[in-house]
Amino acid sequence: MLDIIRKKLEALGADAWELTEIEKRGWEFYFIRHRLDQNRVTEVKRIEVKLYRAIEDGKFLGSASGEIPPTATEAEIDERLSSLLYQAGLVKNPYYTITDTPVDVPDRTEPVDVEAIAEDFMRAIRSAPETATEDINSYEIFVNEVTRRTRNSNGVTYTCTYPSSTVELVGNARRDGHEIELYRFFTSGTCDAPALVGEIADVLRYGKDRLEAVPTPKLPAGAVILSTSDALEVYRYFVDRMSAGFKVRRISDWEIGKPVCENASGDRLTIEAVSSLRNSSCDFPVDAEGAVIRDRYLIRDGVAENFWGSRQFCEYLGLKGSSMVHNVRVHGGAQSAAEVRGGDYLEVVEFSDFQVDPMGGDIAGEIRLGYLHRGGKVTVVTGGSISGSMNEAAAGMTFSRELKQYDNYVIPSVTRLEKLRITGVAALT
Amino acid sequence: MKAPFSPYLDRIAPAIRALVGELGRDYDYVSVLSTDSVGFRVAISRRSKSVSNTNMTTERGNVVRVYRGGLYSEYAFNDFAPDAVAETAGAIRAELEKQFRLLARTGSAVYETGVLADEPLTLLVEKEAALLPERADLSALVERFTALSDEGLKTIPGALDCGVNGISTHISKMFVTANRFLRQSYVYTEGSIFAYAPTEDGEMRTVHGGVSGCGGVEILDGLRAKLSSLPQTMRDVLGAEKIVPGEYEIITDPTVTGLIAHEAFGHGVEMDMFVKGRALGAEYIDQRVGSELVTMHEGARCDESVTAYAFDDEGTLAGDVVEIDRGILRTGICDALSALRLGTQPTGNGKRENYAHKVYTRMTNTVFDSGSDTLEDMIASVKYGYLLRGMQSGMEDPKHWGIQCIIDRGYEIADGKLTGKVVSPIVMTGYVPDLLGSVSMASMDRVVEGNGACGKGHKEWVKVADGGPYLKTKARLG
């Protein structure tokens, strides 16, 4: 099918084209309290096409994208490609070129054993330290073998097969007829059983603690510590603001060679985009546009160093050799996790939904479980919310030397933001 | 005109029926959902323009559901050869058998479920749509969107860019069992217009407006009217202050009302959550959860919105359920398998993200009923509080009835009058029965909107719509 479409594309008269086939073979298992609710198999093939047309003697470049179903007839393929070619002439974007650098890394075609990975997940989850009062409510296991075949009119060709897995898990804890739940969504390449079991153990421990929690008191603005995957939101804010798309759209005003934060008093942030990260669900060395992903610093010692993004936006910024970013390594700070946890602070380990708006920098999240440290005393709290602005919080942000991996991000295990508003629900005692 | 049912699905229908028959030799229940949905997405702004023939609801594929020994299994695929039915059936059997062997090897017990009923039914529904997405003049649309974007840039103060997006999908779905042959075709369309501008402190603020509904590309004509309010909204948010955290009297506009409906008793009464013991709602049926003014409907038949289908992804006909009747929680919504497990009837709420995804109980239109008050009277009744406008996002907590809503902006009300002071953004949190129990006024009008998508947990994105009137209640804002 790919060859048929490629030949049609070559005959069509488009100024350029990109063709990507994504073949996904998935095994899925859904459990309710360790009993199988449903098992599923997916065998899905997606063929994506993007056509380009030079407009007004190359002053502009138009493009249109679409999918060709694998069941499409030749007539249907012709019709869809003709439509795309016409539509590509409708949008006038400033001219740019599509990827033209040959891929210099070998294809990866080693098959993924979805059966073995699924078995690893089942056995790992069942080995979690459940008790009579803290246990697993339900979980869903998704294991995929993904094969991505990338071709374009400049001769770029690359094929990569990789694993991509997800586990959604709900934990319960109960006491005296009261039951609470905690939700987790894990993504990874394959099953890292010790890491997964450790995460589930934390979930069950948090559940037990939440049963002891009292309403969060009304507090003055103060320090908030993040030590779970919610901290990813903080680092994604910086990565997003280093994207070429944000820069071109003027959402980000950061500039290469300048600090990303004025008057920084906390740790100097270093964020590295890396081509490969062990057990990441995005462990592929070539991006969707056929560009080879190279290791590079996005921010080094608090100073913007490289924007990243699609070929279109990178060219608008005059960048060469850039690519999309899929795997990120954030360097550790100056202090240990224990030192970052010094003084008074609220450590929140469960939110309803913690958000850092990459555009405005607004921070928001309802507290489901937190540990309030005041004057050497620890109180387990729930309810209320935190809010603030990353634009203000970034200056005093500190983070631990110790690192932790969450799928395609390695980040400091403990992150501290100062002067966030804490909207409590009870009087401060 | 009627949106015609997919010729492709009509072409493969005999082979799909043969596949059901072939698999019926080995399984006690077999169904196939086949989809063929085409559409577009057009996005125009000053700095980037794109046209795509795919969006989150375009798809073509099939999912087979089979039942044996108390267990339901599914096989989703999209490379179906109508002349190779026996081979396809063989591949399905073989792959599922591999899974059964793994399940046996790992000692996995089965959550045993009864067999679905298969009452005979034949149905073809083709809904009205003036302009189908596959026949739309995208050239004219791009031109109109470009003009709107340019106008937004001129009129919205400080706007760095103004984006205009349009999405339209012509959905065709076919559901086949031994006794059922259901086909439906309808179009939904949604559009949005947004702009962003920095505050004096350099913080970026966004304003937006949207249109949506069950219908063709003509729905996007409504975007022009939405642009007219954005300049003042931008002035409001650029001059906004931070709110002093606390509990306030509030009036919610229909978008915020809809967000509350969705997050409070939308997710909270999805009955697949009852099966797992994950929703507090199961224990509150026939008990008071809101004031007398709170009546809430849910169902694909409630509104001609983006999710106004005729039957769901399990072949259950669309419904209209009264979830809360004058403050009393009456029932939830249910997919077919959860209904079997709970000993109740499905409500037509079994939805998939697409053919490759599992069915869950999902919302369609979740809507509070109107009341008898005017917005002016509602504002006049507030001693001190805020009129909340514009929803950003929300998060459910069905197990504990907590709610988190991120809201664009609040307009201060003091002694029954708007003061002109604006706060933004706002995090609204609270305990759902307290929030709904405090509803003391509801306006006569009602708006239902369906822009965006809803996830279950952090995945399974589907189209939903929600709304209602202006409501007056109390909530904690921060």
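Only the coordinates and a few stated rules stand behind these numbers; no lab work does. Being a predicted model, the structure only gives us computed values, none of them experimental. Heads up, the Cβs are rebuilt from the backbone with ideal geometry, glycines too, and the neighbour counts pull from every protein chain shown.
Here are the numbers for the structure shown:
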| quantity | calculated |
| --- | --- |
| Angle between chain B longest axis and helix B:138-155 axis [Cα atoms, degrees, rounded to 10] | 20 degrees |
| Ranked B:SER443, A:SER65, criterion: other C-beta atoms within 10 Å, fewest first | A:SER65, B:SER443 |
| Gyration tensor over alpha-carbon atoms, chain A, equivalent ellipsoid semi-axes in Å | 43, 29, 18 |
| Ranking of A:GLU366, B:GLU314, A:GLU179, B:GLU241 by count of other Cβ atoms within 10 Å, fewest first | B:GLU241, A:GLU179, B:GLU314, A:GLU366 |
| Computed lengthening from B:LEU342 to B:ALA18, 0.36 nm per intervening residue step minus Cα-Cα distance | 113.4 nm |
| Label-point separation, A:ASP3 to A:ALA221 (7 Å along Cα→Cβ), nm | 6.6 nm |
| Debye log10 I(q)/I(0) for the protein assembly as shown, one point scatterer per Cα, at q = 0.05, 0.06, 0.09 Å⁻¹ | -0.27, -0.40, -1.00 |
| Euclidean distance of C-alpha centroids, the stretch B:90-152 and the stretch B:414-478, integer Å | 30 Å |
| Separation in nanometres of the label points that stand 7 Å from Cα toward Cβ, at B:LYS421 and B:SER229 | 2.4 nm |
| Peptide A:65-73 - average C-beta neighbours from other chains (10 Å radius) | 6 |
| Sites A:TYR96 and A:ASN154, calculated FRET efficiency, Cβ-Cβ separation with R0 22 Å, nearest 0.05 | 0.95 |
| For the stretch B:207-220, 3J(HN,Hα) per residue [Karplus equation, 6.51 cos²θ - 1.76 cosθ + 1.60, θ = phi - 60°, Hz, x = Gly/Pro] | 10, 7, x, x, 10, 6, x, 7, x, x, 5, 4, 4, 5 |
| Label-reachable residues, the stretch B:236-264, where backbone N falls under 13 Å from a point 7 Å from B:ASP434's Cα toward its Cβ | B:246-249 |
| Within the stretch B:1-80, GluC sites (Glu not before Pro) in DSSP loop having at most 13 other beta-carbon neighbours inside 10 Å | none |
| Angle between chain B longest axis and helix B:254-264 axis [Cα atoms, degrees, rounded to 10] | 50 degrees |
| Ranked B:CYS334, A:CYS261, criterion: other C-beta atoms within 10 Å, fewest first | A:CYS261, B:CYS334 |
| Within the stretch A:300-328, backbone nitrogen closer than 12 Å to the virtual label 7 Å beyond the Cα of A:ARG294 toward Cβ | A:320-323 |
| Linear extension gain, B:MET56 paired with B:LYS383, 0.36 nm per residue minus alpha-carbon span | 113.3 nm |
| Charge tally in the Cβ shell below 14 Å around A:VAL410, where Lys, Arg are +1 and Asp, Glu are -1, A:VAL410 excluded | -1 |
| The stretch B:351-426 - Kirkwood radius from inverse mean 1/r over Cα pairs (Å) | 15.6 Å |
| Gain upon complete extension [A:GLU115, A:ALA11; 0.36 nm per residue less C-alpha separation] | 33.3 nm |
| Cα-projected label distance for B:ASN179 with A:ASP344, points at 7 Å along beta-carbon direction, nm | 6.9 nm |
| For the stretch A:2-210: relative contact order, % (alpha-carbon pairs under 8 angstrom, 6 or more apart) | 21 percent |
| For q = 0.12, 0.14 Å⁻¹, Debye-computed log10 I/I(0) when each Cα of chain B counts as one equal scatterer | -1.09, -1.34 |
| Cα-based helix-to-principal-axis angle, A:114-126 vs chain A, degrees rounded to 10 | 10 degrees |
| Cleavage-rule hits, trypsin sites (Lys or Arg not before Pro), the stretch A:48-83, DSSP coil, Cβ neighbours within 10 Å at most 13 | A:LYS59 |
| Chain B - mean residue ellipticity at 222 nm from DSSP helices (-39,500 (n - 2.57) per run, n ≥ 4, rounded to 500) | -6500 deg cm²/dmol |
| FRET E, pair B:THR155, B:ALA104, Förster distance 60 Å, beta-carbon r, rounded to 0.05 | 0.35 |
| Charged-residue dipole, Cβ positions (Lys, Arg, Asp, Glu), the stretch A:213-423 about Cα centre, Debye nearest 20 | 220 debye |
| Paramagnetic reach from A:ALA75 in the stretch B:79-113 [backbone N under 18 Å; point 7 Å along Cα→Cβ] | B:82-83 |
